[in-house]
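Asker: Sharing a structure here in structure tokens format.
The values are calculated or read from the model by the stated rules, or taken from the named source; none is laboratory data. Remember, it's a predicted structure, so these values are computed and weren't measured experimentally. Every residue, glycine as well, gets a Cβ built from its backbone with ideal geometry; the counts of neighbours run over all protein chains shown. The accessibility values were calculated without ligands, DNA or RNA, using every heavy atom of the protein model including side chains. Shrake-Rupley method; radii C 1.70, N 1.55, O 1.52, S 1.80 Å.
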Amino acid sequence: MVVVGYEAAELLDIACITTSLEIANLHGASPAYDVRLASPGGRPVRCCSGLTLLAQEALERVTGPLDTLVVVGGTGHAAAAGNRLILAHVRRLSRESRRTASVCTGASVLAAAGLLDGRRATTHWRWAPSLAARYPKVVFDPDPIFIRDGGLCTAAGVTSALDLTLAFVEEDEGAALARGVARNLVTYLQRPGNQAQVSMFTDSPPPDNDLVRRTVDHVTGHLDADLSTAALAARAGVSERHLTRLFLRHLGRPPARFVRRARTEAAAHLLVSTTLPLAAVASRCGFGTVETLRQAFAARYGVPPSRYRATHSSVNA
């Protein structure tokens with residue numbers, strides 16, 4: 001595996017990959033990964049944190065075939081994406097690799113190299129809008145932790161590199177080793193790739209619009225009430241169409257999608273922090289039936305509620 005670094009790369013992007021694979025080598029039947037950090041000219045990689053890493057190889061001198069090529073993110077991603085040398089060699093090495101991946105804003109380098117054209121990709125939620133505008137041929141989805149599209153994988157911000165690397169270990173060496181690596185890292189088993197990057201409860205600040213803010217407060221405080229768009233609009237004293245326009249403008253989603261997300265994330269919190277049966281969780285969060293809860297959970301987290309509880313619970317069932 002070759003990890004591509006550059007000036008002002010993110011240290012955590014690099015460390016999540018290299019440390020996870022080092023542990024996999026230590027605890028597997030035999031060392032499975034040869035991990036090298038490559039940089040333009042083989043120069044040291046001064047990370048955006050100020051720490052400097054010694055590159056093990058010059059990017060120009062790396063030759064294939066390679067198993068995996070990973071481009072990391074960092075505050076220097078725009079300069080890297082504008083560097084013709086980096087782009088040319090990433091493009092060349094991708095052709096010689098079984099799989100190519102990026103972490104965080106490393107997606108900008110893959111996009112600039114034309115490797116993501118016509119594909120669905122993810123990146124750090126904060127950078128997704130600007131990258132989508134800059135690379136219109138790429139379908140950037142800011143929600144998932146990581147996305148696989150054929151032999152190309154893109155991961156979201158920073159520690160999502162850990163989730164992606166654990167998924168690689170499971171794919172390459174089996175679930176048992178991936179679980180062992182996760183335990184040694186003192187982290188959960190890898191999150192499903194389509195789990196959301198950001199929870200609405202820790203998302204951006206409350207909307208500036210007073211009507212939207214009041215409606216959001218009502219939704220999050222009354223999840224088991226009638227939260228249909230019609231009911232919310234009547235409560236706010238506006239038409240359904242106007243309320244939908246306001247939600248789209250200030251929250252980026254219509255009221256019904258906001259409500260569904262709020263209910264699903266509240267259910268996720270109850271599943272990991274309580275021993276309430278699924279029926280009680282569904283009722284408290286405004287889902288009419290357990291099946292409705294299951295459908296919402298599968299759409300948001302990619303796993304059923306019972307599986308989510310089994311892998312994330314902080315209480316004894």
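Asker: Can you find a residue in the stretch 160-173 that is open to solvent by less than 70 Å² (accessible area, probe 1.4 Å), of a type outside the set (Ser, Thr, Tyr) and assigned to a loop (DSSP other than H, G, I, E, B)?
Answerer: no
Asker: So, in the stretch 38-53, of the ones that are part of a loop (DSSP other than H, G, I, E, B), of a type outside the set (S, T, N, Q) and touching a residue at least 12 places away in the same chain (Cβ under 8 Å), which residue ends up least open to solvent (accessible area, probe 1.4 Å)?
Answerer: Restricting attention to the stretch 38-53, the residues satisfying the condition of being part of a loop (DSSP other than H, G, I, E, B) are 43-44, 47-51.
When the remaining residues are screened for being of a type outside the set (S, T, N, Q), the result is 43-44, 47-48, 50-51.
Now drop any that are not touching a residue at least 12 places away in the same chain (Cβ under 8 Å), which leaves 43, 47-48, 51.
Details: 43: 139, 47: 6, 48: 55, 51: 102 Å².
Result: 47.
Asker: Among the residues of the stretch 120-138, which ones are in a loop (DSSP other than H, G, I, E, B), at pLDDT 95 or above and of a type in the set (D, E, K, R)?
Answerer: The answer is 137, and nothing else.
This table checks each residue for (1) without any contact (Cβ under 8 Å) to a residue 12 or more places away in the chain; (2) within 30 Å of residue 183 (Cα to Cα).
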position: 254; (1), (2): no, no
position: 279; (1), (2): yes, no
position: 283; (1), (2): no, no
position: 289; (1), (2): yes, no
position: 300; (1), (2): no, yes
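Asker: Sticking with this one: Which residues, taken from the stretch 79-127, are among the polar types (S, T, N, Q), under 20 Å from residue 162 (Cα atoms) and either in contact with a Cys (Cβ under 9 Å, 6 or more places away or on another chain) or open to solvent by 10 Å² or more (accessible area, probe 1.4 Å) (or both)?
Answerer: Of everything in the stretch 79-127, those that are among the polar types (S, T, N, Q), under 20 Å from residue 162 (Cα atoms) and either in contact with a Cys (Cβ under 9 Å, 6 or more places away or on another chain) or open to solvent by 10 Å² or more (accessible area, probe 1.4 Å) (or both) turn out to be 100, 102, 123.
Asker: Sticking with this structure for a sec: Which of the helices (runs of 4 or more DSSP H) contained wholly in the stretch 218-317 include at least 2 residues that are surrounded by fewer than 17 Cβ atoms within 10 Å (Cβ to Cβ) and among the hydroxyl-bearing types (Ser, Thr, Tyr)?
Answerer: 305-312
Asker: Quickly run through the stretch 58-70 and pick out the residues that are surrounded by 14 or more Cβ atoms within 10 Å (Cβ to Cβ) and more than 11 Å from residue 97 (Cβ to Cβ).
Answerer: The answer is 58, 59, 60.
Every residue, every condition in (1) without any contact (Cβ under 8 Å) to a residue 60 or more places away in the chain; (2) in a helix (DSSP H, G or I), yes or no:
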site: 15; (1), (2): yes, yes
site: 20; (1), (2): no, yes
site: 30; (1), (2): yes, no
site: 73; (1), (2): no, no
site: 80; (1), (2): no, yes
site: 91; (1), (2): yes, yes
site: 94; (1), (2): yes, yes
site: 101; (1), (2): no, no
site: 106; (1), (2): no, yes
